[in-house]
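Below is one structure, written out as structure tokens; the observations come after it.
Every number in this text was worked out from the coordinates using simple rules, so none of it is lab data. What you see is a predicted model; the values in this text were computed from it and never measured. Glycine also receives a Cβ, built like all others from the backbone with ideal geometry; neighbour counts cover every protein chain displayed.
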Amino acid sequence: MSHGAPPADTVDAPFWAGLAGGVLRIQRCAGCARWSWPPQWRCGACGSWEMEWPEVPMEGIVHALSWTRHPFSPGMVDKIPYPVLLVALPDAGGARLLGLLDGPAEGLAIGSRVTGFPQETPDHTALRWQLAR
Amino acid sequence: MRGAIAAVGVGETPYYRHGKAPGDETLLTLQAIVAACADAGIDPRDINGFASYADDRNAGHTLMRGLGTREMRWASMAWGGGGGGSVAAVGAAAAAIHSGQAEIVVVYRTIAEASSGRLQDAVAHYDMGPHYTLHGISSPAQICGLKTERLIHDGVPRSALSALVRAQYHHASRNPRAQAYGKTLDAATYDAARPIVDPFGLYDCSRENDVSVAVILTSARRARALRKPPVYLLGVAQGGTIGEAWENEPDYGSGGFEAIAGRLWAMAKLGPKEIDVAQIYDNFSGPAVAAIISHGLCSIEEAPELLTFDNLIADGGRMPVNTSGGLIAEGNAHGMGLIAEAVRQLRGESSNPVAGAETCLVTGGPQTPLLSSAVFGTEATL
Ligand SMILES: [Zn+2]
């Protein structure tokens, strides 16, 4: 499954670098401690330019969920149908990440607890989710 | 600005299948604008302003020699890759006229695959970075599906989507311009559609077309001297409160129009209860339902009772929506066709006239960082 690698010089680069090291990192403002997602160069709330990237547990709650049944993505044709998840991270102020489920989907619903894990792909390290047991 | 600006001309090419237009975007744009001029009774050479959106490639200066433009005094682009800027382009044109920077401004959108590629690719390229593409998401349909599933979770019944789509096909069946002209859609056929992305089947999705649609605006004073009854701009608002969010909008299922609608009603000096008919941007059925709700036309609690086929059709419905058939059943001009229909409806020229309609809401792009909506009215609303 190849989707092309994420760019290395953008404001979200520490997110991808974190995953490559097996860690989930979400941006937080060093000035006011607000979680900042999507990540920014400057905290618009307090004006600080100092942003940090603490490690966050790979544990989330499904905020929205939709099964893709049409082959929109060339790299995903053999996965149809597959659920696309929007996962909220309670340990990062509810910041939400788009992601894919990798594992059994039985019982998957809005509100389900999910656990993330890094998964190597040809281009990058991706974050995948499975239902929490 | 309420009532100071009016729409005076509407023109368009046919809705061709995507990739099938008999010419490039420049040709289609000229055809639509010249048709709008004929409708208005305006010499194309007198247009002196151009307004578009969604990175439309047909900048005013590329049209000047074909139109015979004497002088271009205004050219503006509303930012954003999707239909959120459609009505914002109307707002820009109105601002240009109201401030005296231009007198006759054409608002237009042209799409031809041969010139600009597939619309879905352009929109995806604009809105979807690696957090999308690396997670199996490459179509706006998938994001609209996620938001609509959340809206359903929040209490909107799936039946509202079916009712809206069937009402739009009902309208399109009587609209000779529509892709679905002569075809209605019954509930069983809707339910049996090929699934695309939950909760959407094929009929919930707009399809792409090659097309150009143009609407001409000018001052109310000039408008009254032209050949057709002016359709007055009562209010218009654009913008947003959230910005780029990567699906982190606090109320995820919402259409996101709450702040814009507040400014819109204030400028128009009326509220959702005074809207007689609405043209709601419907790239997919779910986002259109979300836009109806976030404009206050209906609450989530009222949705099961209010969003029914009988209520949404022009023939006596309490809240007729998308009387041309909309993007889903008339054709996809990226929202510009809805603005044209608003003008036709208030002139009494719609294929699905709403009896006694004096006000029409038209919206652009639910659930995008830049949104826009407007209210048009007849002379009686001034
Ligand atoms: Zn801060």
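Do any chymotrypsin sites (Phe, Trp or Tyr not before Pro) in region B:20-99 lie in a DSSP loop with no more than 16 other beta carbon atoms within 10 Å, and if so, which?
Those that pass, being in a loop and sparsely packed, are B:Trp79.
Please average, across the residues of A:69-76, the number of beta carbons from any other chain that are within 10 Å of each residue's own beta carbon, and give a whole number.
6
Have a look at the DSSP beta bridges in the protein assembly as shown and tell me what percent are antiparallel, nearest 5.
The antiparallel fraction comes to roughly 80 percent.
If I take every Cα pair under 8 Å that is 6 or more residues apart in chain B, average their sequence separation and divide by the length, what percent do I get for the relative contact order?
About 25 percent, as a whole number.
Using a Cα-Cα cut-off of under 14 Å, which aspartates and glutamates could be cross-linked to A:Lys79, ignoring same-chain neighbours fewer than 8 residues away?
The qualifying aspartates and glutamates are A:Asp102.
How large is the convex hull of the C-alpha atoms of region A:13-131 per residue, in Å³?
113 Å³
Between the alpha-carbon centers of region B:338-366 and region B:13-41, tell me the distance in whole angstrom.
21 Å
What does the structure give for B:140-149 when I average, per residue, the other chain Cβ atoms found within 10 Å of the residue Cβ?
Neighbouring Cβ atoms belonging to other protein chains average 5 per residue here.
From the cross-link list B:Lys183/B:Lys269; B:Lys20/B:Lys183; B:Lys147/B:Lys273; B:Lys20/B:Lys273, which pairs have alpha carbons spaced over 32 Å apart?
Over 32 Å apart, Cα to Cα: B:Lys183/B:Lys269; B:Lys20/B:Lys273.
Run through all the Cα pairs of chain B and give the fraction in each 10 Å bin from 0, expressed as whole percent.
Going out from 0 Å in 10 Å bins, chain B shows 6, 27, 37, 24, 6, 0 percent.
Rank these for me by crowding, B:Ile42, A:Ile110, B:Ile97, going from fewest to most other beta carbons within 10 Å.
A:Ile110, B:Ile42, B:Ile97
Mind ranking B:233-243, B:5-15 by how tightly packed they are, going by the mean number of other C-beta atoms within 10 angstrom, highest first?
B:5-15, B:233-243
Note down the nm distance, to one decimal, between modelled labels 7 Å out along Cα→Cβ at B:Glu302 and at B:Ala192.
Distance between label points: 3.6 nm.
Of all chymotrypsin sites (Phe, Trp or Tyr not before Pro) in region B:246-334, which ones are in loop regions per DSSP and have a Cβ with at most 10 other Cβ atoms within 10 Å?
Within region B:246-334, no chymotrypsin sites (Phe, Trp or Tyr not before Pro) qualify (loop, at most 10 other Cβ atoms within 10 Å).
Can I get the semi-axes of the protein assembly as shown's equivalent ellipsoid? Compute them from the C-alpha gyration tensor as square roots of 5 times the eigenvalues, in angstrom, largest first.
Three semi-axes, in Å: 40, 25, 22.
Working from Cα positions, state the angle (0 to 90°, nearest 10) between the long axis of helix B:336-347 and the longest principal axis of chain B.
Tilt of helix B:336-347: around 70 degrees.
Please work through the protein assembly as shown and write down the cysteines that have no neighbouring cysteine Cβ at a distance under 4.7 Å.
Within the protein assembly as shown, the cysteines lacking a partner Cβ under 4.7 Å are B:Cys37, B:Cys144, B:Cys205, B:Cys298, B:Cys360.
By the scheme Lys and Arg +1, Asp and Glu -1, what is the net charge of all other residues having a beta-carbon under 12 Å from that of A:Ala126?
Neighbourhood net charge equals -2.
Could you pull out the GluC sites (Glu not before Pro) across region B:216-262 that fall in loop regions by DSSP (anything but H, G, I, E, B) with no more than 13 other Cβ atoms inside 10 Å?
Here the sparse-neighbourhood loop sites are B:Glu244.
Per-residue ellipticity at 222 nm for the protein assembly as shown, helices alone: DSSP H runs ≥ 4 residues times -39500 (n - 2.57), over residue total, nearest 500 deg cm²/dmol?
Value at 222 nm, helices only, nearest 500: -8000 deg cm²/dmol.
Looking only at A:Pro39, A:Pro71, A:Pro54, which one moves most when chain A is put into a Gaussian network model with springs between Cα atoms under 10 Å?
Maximum fluctuation in the GNM of chain A, among the listed residues, is at A:Pro71.
Please report the net charge: other residues with Cβ closer than 13 Å to the Cβ of A:Ala64, K and R +1, D and E -1.
Taking every other residue near A:Ala64 into account, the sum is -3.
Please report the antiparallel percentage of DSSP beta bridges with both residues in region A:13-131, rounded to the nearest 5.
Around 95 percent of the beta bridges assigned by DSSP in region A:13-131 are antiparallel ones.
Set the Förster radius R0 to 60 Å, insert the Cβ-Cβ distance between A:Ala30 and B:Glu379 as r into 1/(1 + (r/R0)^6), and round the FRET efficiency to 0.05.
Approximately 0.50, to the nearest 0.05.
Between beta-carbons, use under 14 Å as the cut-off and find the net charge around B:Gly3, counting Lys and Arg +1, Asp and Glu -1.
After counting each charged neighbour, the total is +3.
For chain A, set up a GNM with springs between Cα atoms under 10 Å and report which of A:Ile26, A:Ile61, A:Ile80 has the largest fluctuation.
A:Ile80
If contacts are Cα pairs under 8 angstrom and at least 6 residues apart, what is the relative contact order of chain A in percent?
Relative CO of chain A lands at 24 percent.
Mind checking A:60-67 for the average number of partner chain beta-carbons within 10 Å of each residue's beta-carbon?
Per-residue shielding by partner chains comes out at 6.
Antiparallel as a % of all DSSP beta bridges within chain B, to the nearest 5?
The antiparallel proportion sits near 75 percent.
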